[in-house]
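Visitor: Got a structure for you, questions after.
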Amino acid sequence: MIQINNLSKSFGDLRVLENISTEIKKGEVISIIGPSGCGKSTFMRCINLMEKPTAGEITIDGQNILAKKADVCRLRQKMGMVFQSFNLFSHLMIIENIMLAPLSLLKLPRQQAYEEGLRFLEMVGLGAKAMAFPDELSGGQKQRAAIARTLAMKPEIVLLDEPTSALDPTMVSEVLAVIRKLVASGMTMMIVTHEMKFARDVSSRVFYMDDKGIYEDGTPTQIFDAPQKPKTRAFIKKISSFAYDVQGKSFDLYELQARVEGFLTKQMFTERRIMNVQLVCEELLSGILLRTFPDAQIALTVEYSDASGEVTVQAEFEGEVYDLKSAASGELPLAIIEKYAKELSSTHREGKNTLLVVL
């Protein structure tokens with residue numbers, strides 16, 4: 001469907017993308033992940049010619065859209081784009097925003113554009129908001145309207161550039177649900193995203209971008225469970241765990257809890273499950289360890305396994321042998337931890353204690 005050969009992009013002397021070659025086949029759902037600043041959005045914008053590549057070829061259905069005589073406008077209509085920001089015209093009703101491009105570019109009759117616009121709004125759950133103005137919608141609703149606007153042009157492939165990054169966490173799920181619906185319909189899609197669990201669930205392929213290109217390309221299982229290259233492994237480990245240094249009993253518990261919540265929200269955890277993990281962290285630190293060792297320097301790690309769905313809370317600190325179960329036996333904080341723990345263990349090696357709580 002889309003063939004990319006030796007695509008490069010520079011901004012002045014800064015080379016952002018270098019010699020990228022890949023093929024996107026009809027029906028594929030490709031998630032693009034990687035660290036900030038690695039060129040994910042630039043790559044996406046080059047495909048749609050919102051940024052003109054410095055070199056290379058982009059071929060759509062056998063036609064090179066970078067060729068001098070290419071009908072770029074017609075070829076670009078095969079691609080829809082959804083941005084981080086919604087870019088809805090505030091002075092137009094939602095249905096008017098949806099109708100605008102089909103009327104101007106596809107030359108549809110006004111009644112047909114209206115009826116099709118309503119159908120796409122209903123598809124994203126916004127049929128009742130057709131006559132509303134953008135300022136009357138929540139962020140999640142605005143992004144769903146932006147998706148409907150893209151679909152109204154009947155693209156063959158949809159490019160989504162971090163569609164949830166500008167949203168409040170409470171609104172992310174409604175947008176992801178709409179994207180899942182599009183995936184189920186067989187739409188060809190490329191998605192730049194930081195929602196790793198979502199990327200794993202919906203993708204047929206995953207591009208990990210680094211070093212100015214597609215550093216590793218594979219199935220979700222290959223990329224998330226068995227990455228082959230060192231930078232991919234380091235990235236996957238970083239996004240699947242959260243670390244916090246506890247400097248004695250005066251540590252900032254509220255900061256810790258906020259960061260735990262932020263990490264687990266990205267893993268699509270429910271509010272109740274997040275609170276359970278926060279409670280275990282609080283009881284382990286404030287209820288047990290820092291009462292016994294008030295000046296302890298504790299390295300806390302919260303790690304999520306997508307394969308098992310389990311969360312592991314690990315606390316490491318130096319000192320003599322410490323067994324959590326025997327030392328805190330009969331105490332309320334330990335009873336609370338045991339209520340939620342599937343597994344609880346203590347080990348001591350080379351002067352360092354490691355406590356593990358698996359939830």
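The values are calculated or read from the model by the stated rules, or taken from the named source; none is laboratory data. Predicted model, so just to flag it, every value in this text is computed and none were measured. Here the Cβ positions follow ideal geometry from the backbone for every residue, glycine too, while neighbour counts run over all protein chains shown.
Visitor: Are there any pairs, at least 6 apart or on different chains, whose C-beta atoms fall under 6 Å, with the first in the range 198-226 and among the polar types (S, T, N, Q) and the second assigned to a helix (DSSP H, G or I) and at pLDDT 95 or above, and if so, which?
Guide: Between residues of the range 198-226 that are among the polar types (S, T, N, Q) and residues that are assigned to a helix (DSSP H, G or I) and at pLDDT 95 or above, there is no close pair.
Visitor: (1) within 17 Å of ASP161 (Cα to Cα); (2) of a type in the set (Val, Ile, Thr); (3) at pLDDT 95 or above: which one isn't true of VAL82, the others all being true?
Guide: With (1) within 17 Å of ASP161 (Cα to Cα); (2) of a type in the set (Val, Ile, Thr); (3) at pLDDT 95 or above applied to VAL82, the lone miss is (3).
Visitor: Can you pull out every residue in the range 242-255 that is more than 16 Å from VAL280 (Cα to Cα) and under 27 Å from the mean Cα position of the chain (by Cα)?
Guide: ASP245
Visitor: Any residue in the range 162-174 that is modelled with pLDDT of 90 or more, hydroxyl-bearing (Ser, Thr, Tyr) and surrounded by 21 or more Cβ atoms within 10 Å (Cβ to Cβ)?
Guide: The answer is no, given that none of the residues of the range 162-174 is modelled with pLDDT of 90 or more, hydroxyl-bearing (Ser, Thr, Tyr) and surrounded by 21 or more Cβ atoms within 10 Å (Cβ to Cβ).
Visitor: Another question, if that's okay. Restricting to the range 5-20, name every residue that is surrounded by 12 or more Cβ atoms within 10 Å (Cβ to Cβ) and over 14 Å from THR42 (Cα atoms).
Guide: The initial filter retains those residues of the range 5-20 that are surrounded by 12 or more Cβ atoms within 10 Å (Cβ to Cβ), namely 5-10, 15-20.
Answer for the range 5-20, where residues must be surrounded by 12 or more Cβ atoms within 10 Å (Cβ to Cβ) and over 14 Å from THR42 (Cα atoms): ASN5, ASN6.
Visitor: Kindly state which helices (runs of 4 or more DSSP H) lie completely within the range 247-348 and contain at least 2 residues that are exposed (fewer than 13 other Cβ atoms within 10 Å of the Cβ) and not polar (S, T, N, Q). Don't jump to the end; show me each part of the working.
Guide: Values: elements: 253-266, 271-282, 324-327, 332-340.
Counting at least 2 such residues, we get 253-266, 271-282, 332-340.
Visitor: Test LYS229 against the criterion of being basic (Lys, Arg), closer than 18 Å to MET196 by Cβ and assigned by TED's automatic domain parsing to the domain that holds LEU7, and give yes or no. Before the answer, list the steps.
Guide: Values: basic (Lys, Arg): yes; closer than 18 Å to MET196 by Cβ: yes; assigned by TED's automatic domain parsing to the domain that holds LEU7: yes.
Yes; evaluated as a whole, the condition is true for this residue.
Visitor: Kindly indicate whether any position in the range 42-58 is in contact (Cβ under 8 Å) with a residue 12 or more places away in the chain and within 15 Å of VAL206 (Cα to Cα).
Guide: Yes: one or more hits.
Visitor: Tell me the residue from MET209, MET189, MET171 that is part of a strand (DSSP E or B), out of contact with any Pro (no Cβ under 7 Å at 6 or more places or on another chain) and farther than 14 Å from GLY34 by Cα, please.
Guide: Values: MET209 fails: farther than 14 Å from GLY34 by Cα; MET171 fails: part of a strand (DSSP E or B).
Only one candidate qualifies: MET189.
Visitor: Sticking with this structure for a sec: Can you name the condition, by its number, that ASP211 falls short on among (1) at positive phi; (2) buried (at least 18 other Cβ atoms within 10 Å of the Cβ); (3) among the acidic types (Asp, Glu)?
Guide: Result: ASP211 passes all but (2).
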